[in-house]
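Heads up: the structure comes next, in structure tokens.
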Amino acid sequence: MSTTLMSGRVMGGRRTWVHAVSVGALAAICCAGATAAATSAEAGTGPSITVDGTSVNVAVQGTDHRLFFYWQASGSTTWTPEQVAAKGSTYSAPSMTTDGNDVNVAVEGKSHSLRFYWAENGVSGWNPETMAGKGTTYSAPSMTNDHDNVNVVAEGKAHSLLFYWQKNFVPGWHKEKVAGRSTAYSAPSMTTDGNHVNVVVEGAHHRLLFFWQRHGTSRWHKETVAGKGSAYSGPSMINDGKDVAIAVEGPHHSLSFYWQKNGTSGWKKARIAGKGSTRSAPAMTAGNKRALVSAVGSGGRLLFYWKTDGAKAWHREKAAAPASAWSAPAIILDGANVTVAAEGAAGSLNAYWSRNGKGTWHREQIAAAGTTS
């Protein structure tokens, strides 16, 4: 991988992140014509990937429900593993972020609890916290940092949607109900724009629902992005300061894109890819005046799509060959490089990277077979 994407790690310490992408609800991936691949895909929970401009970092659920963290230093092709949490701790894809001093990882824990792990920069070891106890959490969480708060959202009991926040360096988690029963049918995705917290989730009857809250208030507002039969995976959401954008698997395994200008009402829709194109929840990021989306296609191919801001056309690239991706992907952009991580064959974990706009993809193995869930 290019050294533009990675650089050194402070010895004995942790990295800090300025950008994080979490994987939303993960859909089962149908690898047509590959029975073993289909079985593995259904089991995979998918990774989360972040970058701080100096290193690339990946977290994933491991075998026996462990939680693992991998990092790669500048100029190296070696990925170094750390165990965040032991056997029986992890039951979903993780979400990662930072507050400038700590690395934070959130995950669904044992007995449908919600768990939070943090590591102080420059100090070894991970510190566990329980955000919410048994029977509270029924999806992978999504996490963001906003001002002085760490924010986490997840599907709750009876398909409710719950929001948790904690002020940095102040013990104790606060809970809010975003929406009640029969609301959330996937893992959510969350962003902040400086003034609002935004949450999107697949709703009942495959609707796509959007919730927002103004900073300093407790009220959550609901919008319907798309009606019945529109959303068939967990969504992925970004905010570039001007627009809120959402990618989601649509009907007939299509891939849909919705956007709305900040401060306006009404959602617009575009099709990224047509019927039969998409077999997972997508992952999305933005930068360099482009929207970037990755998803698994038919046969377990890892696909990448991009669109220039203001343009209508989406461009497709094959990031990896058939049977290469056995979980929903995670994606980041660091300078000119795009990196996509996904679980591979036999429980391996791989990263694929490309110079943005060049169309040539390179593969690195993060972890060997038998590592991921």
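Every number here is computed from the coordinates shown, using simple stated rules; none is lab data. Predicted model only: the values in this text are computed from it and were never measured. Neighbour counts run over all protein chains shown; Cβ positions are idealised from the backbone, glycine included.
Projecting the Cα atoms of GLN260, SER236, TYR352 onto the charge dipole of the chain, computed from C-beta unit charges around the Cα centre, puts GLN260 farthest toward the positive end.
Under conditions of 10 °C and 1.306 mPa s, region 188-344 yields 101 µm² s⁻¹ as its translational diffusion coefficient, taking Rh as the Kirkwood radius over Cα pairs in the Stokes-Einstein equation. Grab the other residues whose beta carbon is less than 13 angstrom from that of GLY241, score K and R as +1, D and E as -1, and report the net. Local charge sum for GLY241: -1. The order of ARG316, ARG115, going from fewest to most other C-beta atoms within 10 Å of their C-beta, is ARG316, ARG115. Convex hull volume of the C-alpha atoms in region 204-261, normalised per residue: 86 Å³. Would you please classify the overall shape of region 125-210 from the alpha carbon gyration tensor, given that a ≥ b ≥ c denote the square roots of the eigenvalues, rounded means a/c under 1.5, and beyond that prolate means a/b larger than b/c while oblate covers the rest? Oblate.
With θ taken as phi - 60° and the Karplus curve 6.51 cos²θ - 1.76 cosθ + 1.60 applied, the whole-hertz 3J(HN,Hα) list for region 45-51 is 9, x, x, 10, 10, 9, 8 Hz, x standing for glycine and proline. By the count of neighbouring beta-carbon atoms within 10 Å, fewest first, GLU249, GLU129, GLU108 end up ordered GLU129, GLU108, GLU249.
The residues packed around ALA351, meaning those with a beta-carbon under 10 Å from its beta-carbon, carry a net charge of 0 if Lys and Arg are +1 and Asp and Glu are -1. Sparse packing (at most 12 other Cβ atoms within 10 Å of the Cβ) combined with a DSSP loop state is found for none of the chymotrypsin sites (Phe, Trp or Tyr not before Pro) in region 47-88.
Direction-averaged projected area, Cα convex hull, the chain: 16.0 nm², rounded to one decimal. Basic side chains Lys and Arg get +1 at the Cβ, acidic Asp and Glu get -1 at the Cβ, and with that the dipole of region 19-367 about its Cα centre reaches some 1240 debye. In a DSSP loop and with at most 10 other Cβ atoms within 10 Å, the trypsin sites (Lys or Arg not before Pro) in region 175-220 are ARG219. Annotation for ARG363 and THR224: the two label points, set 7 Å from Cα along the Cα-Cβ direction, are 4.4 nm apart. The distance between label points at ASP64 and ARG214 comes to 5.2 nm (points 7 Å beyond Cα on the Cα→Cβ vector). Compared with the alpha-carbon gap, the fully stretched path from GLU82 to ARG316 is longer by 80.8 nm at 0.36 nm per residue.
Of SER182, SER48, SER298, the residue with the greatest mean-square motion in the GNM of the chain, using alpha carbon springs below 10 Å, is SER182.
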